[in-house]
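First the structure, in the form of structure tokens, and then the observations on it.
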Amino acid sequence: MTKRQARPASERQSARRATSEQPVERVPRRGRRRGGAQREADFVVIGAGSGGVAAARRAAAHGARVVLIERDAIGGTCVNRGCVPKKMLSYGGTLAAILSGCLSHTGGREDWGDAIVRVNAEMARLHVAYTHRLQEAGVTLLHGEATVTAPDLVQVGAETIHARRILIATGARPQTLPVPGGELAGTSDDVFTWQSLPASIVVIGGGYIAVEQASILSRYGVKVEMLVRESRLLERFDHEIAAALAEALAARGVRLHFNAEVTLLNQANGAIDVCYRQGAPDGDGNDGGGDRVHTVRAQAALAAIGREPQWENLGLAALGVEKSAQGGIRVDRSFRSRVRSIHAVGDAIDGLHLTPVASAQGRWLADRLFGRRGERADFDVVPTAVFCEPAIGSVGLTEHEAIAAAGKAERVESVVRRFVSLENRFAGSGQASMVKLVVNARSGRVLGAHMMDNAAPEIIQTLAVALRLGVKLSHLRTTVQLHPTVAEELFA
Ligand code: NDP
């Protein structure tokens, strides 16, 4: 930012002192500030999730006057309805399974009510920590529902903020099931509010959330049936890894129905009947068998069929902000919408809807607008994980993507290893893990790495660096392994 726009350090420090002593400002519909009073800001960020918080803190560090507006709890989906509660519940279920396997004479499962208490305590800790860090950075945090009334004006309650730049970081919300009775199915947002669990559940969908929730709930003793529209789980992941995961879930008692198109949900004596039509038999020996209508009854149903960007109620369309075919805000490479002063990042735009992607986009944008031109993260090689059990970690191309890119199957080599980790041998579960490397057959360059094991997300995060640097299979084979680990299987 220019000298004229930057505030002197002394002013910023006194602003910090002032804000760190103040609670978050709540802006009532009828504001307590003088009617029509205008606040001046360099940067108004709407949405205090991963992208919004990262952008706000970085812009404030560059000296910009930043206002961050959130209508709900700070931290967005990741902290309140996604990564944090999901991963903590998954730890609880997994640890209980390992312990009860090892100490089978004492048995016992993790208790859901107790787990939710611990999850809520962590969320509360994060709310305080986030608020404190934002205040320390000098960000003004307002609580309320924002609308954008002009390219440089944001309305929150009775307050109008004049902003040089506006960032939309409002995230996405779960899609509702578009069939009669679809409203009977809950979403992953609801799961984190449950004080007790249903005895049985039908999980609809086969993506990240469906798989994670089915895995977690089955670990807490819920009888789970999955209705998957495709012929496999995790359609966008490597097919062999997805098939191995389906086997692992089935071995744990999760019933999987593939090619299953849900048509109707009905309330039935305190339970829910989910009707589905099943097309061609699936390849995994599950009950396919023609285009027949089936019904599965359970105490609850959960729809995890994707998430849609939420920005319609902000008034942006009237200003000329355009919508993409997928429903996100249309932005250019610099995350700028068709209205020059309005930007958008994270789940509100198209692309990978992952917490670290939103944060990286937000920080890069704040650097670009208010500081030096920052280094852009590599959004082409993004590691990702599914926190089911066993967990899936993945980076780079799947075998199918690599063959499609190369044009011929012979140009791609796949190295697959299946093994039982020491952890699983000790627990006596016999659960197999799997590693798959997708390699350019001619150059030996590793194009993709995919793993199924509880250690996979941690390993894949580090391996992503090697992939970006063009690591070859020969590099992995000539690196001395660290034994005994799960990671060494990548180097064998
Ligand atoms: P996904 O896009 O991962 O999966 C959606 C699934 O629902 C697909 O199997 C899709 O099938 C199916 N589906 C779509 N419409 C219907 C329908 N009408 N009836 C039945 N099935 C349907 O979405 P999620 O909701 O699981 O997750 C949303 C996003 O959240 C993810 O894409 C990811 O970006 C993010 N996320 C990331 C996590 C992580 O990093 N660990 C964890 C959780 C979420 P089809 O393929 O046929 O369309």
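The values are calculated or read from the model by the stated rules, or taken from the named source; none is laboratory data. Quick caveat: nothing in here was measured; it's all calculated off a predicted structure. Note that each Cβ is placed from the backbone with ideal geometry, even for glycine, and that neighbours are counted across all protein chains shown.
Would you point out the residue of the stretch 212-246, among those that are of a type in the set (D, E, K, R) and within 23 Å of residue 91 (Cβ to Cβ), that is nearest to the ligand (Cβ to nearest atom)? Ranking the qualifying residues of the stretch 212-246, first place goes to 212. Against the list (1) near the ligand (Cβ under 10 Å from one of its atoms); (2) more than 25 Å from residue 46 (Cβ to Cβ), the condition residue 209 fails is (2).
For the stretch 374-394, filtered to residues that are farther than 12 Å from residue 458 by Cα and not charged (D, E, K, R), the residue that is farthest from the ligand (Cβ to nearest atom) is 374. Residues in the stretch 386-419 that are assigned to a loop (DSSP other than H, G, I, E, B), charged (D, E, K, R) and over 28 Å from the mean Cα position of the chain (by Cα): 408 alone. Quick check on the stretch 264-290: of everything there that is at pLDDT 95 or above, under 22 Å from residue 213 (Cβ atoms) and in contact with a Lys or Arg (Cβ under 8 Å, 6 or more places away or on another chain), which residue is surrounded by the fewest Cβ atoms within 10 Å (Cβ to Cβ)? Only one residue tops the list, namely 271.
Within the stretch 303-325, residues that are within 16 Å of the ligand (Cβ to nearest atom) have Cβ atoms under 7 Å from residues that are of a type in the set (Lys, Arg) in these pairs: 307/173; 308/173; 310/173; 324/330, counting only partners at least 6 apart in sequence or on another chain.
If you check 73, 124, 115, 64 for being under 21 Å from the mean Cα position of the chain (by Cα) and assigned to a loop (DSSP other than H, G, I, E, B), only one passes: 73. Residue 472: touching a strand residue (DSSP E or B) at 6+ places or on another chain (Cβ under 8 Å), under 13 Å from residue 396 (Cα atoms) and among the basic types (Lys, Arg), yes or no? Criteria not met by residue 472. Residues in the stretch 177-202 that are within 10 Å of the ligand (Cβ to nearest atom), within 23 Å of residue 123 (Cβ to Cβ) and surrounded by fewer than 17 Cβ atoms within 10 Å (Cβ to Cβ): 0 in all.
If the condition is being within 11 Å of the ligand (Cβ to nearest atom) and of a type in the set (D, E, K, R), then the stretch 247-269 contributes only 261.
When the residues of the stretch 326-342 are filtered to those that are within 16 Å of the ligand (Cβ to nearest atom) and either crowded, with 17+ Cβ neighbours inside 10 Å or among the small types (Gly, Ala, Ser) (or both), which remaining residue is modelled with the highest pLDDT? So, considering only residues that are within 16 Å of the ligand (Cβ to nearest atom) and either crowded, with 17+ Cβ neighbours inside 10 Å or among the small types (Gly, Ala, Ser) (or both), the one modelled with the highest pLDDT is 328.
Residues in the stretch 457-492 that are within 21 Å of residue 424 (Cβ to Cβ), of a type in the set (S, T, N, Q) and out of contact with any Asp or Glu (no Cβ under 7 Å at 6 or more places or on another chain): 485 only.
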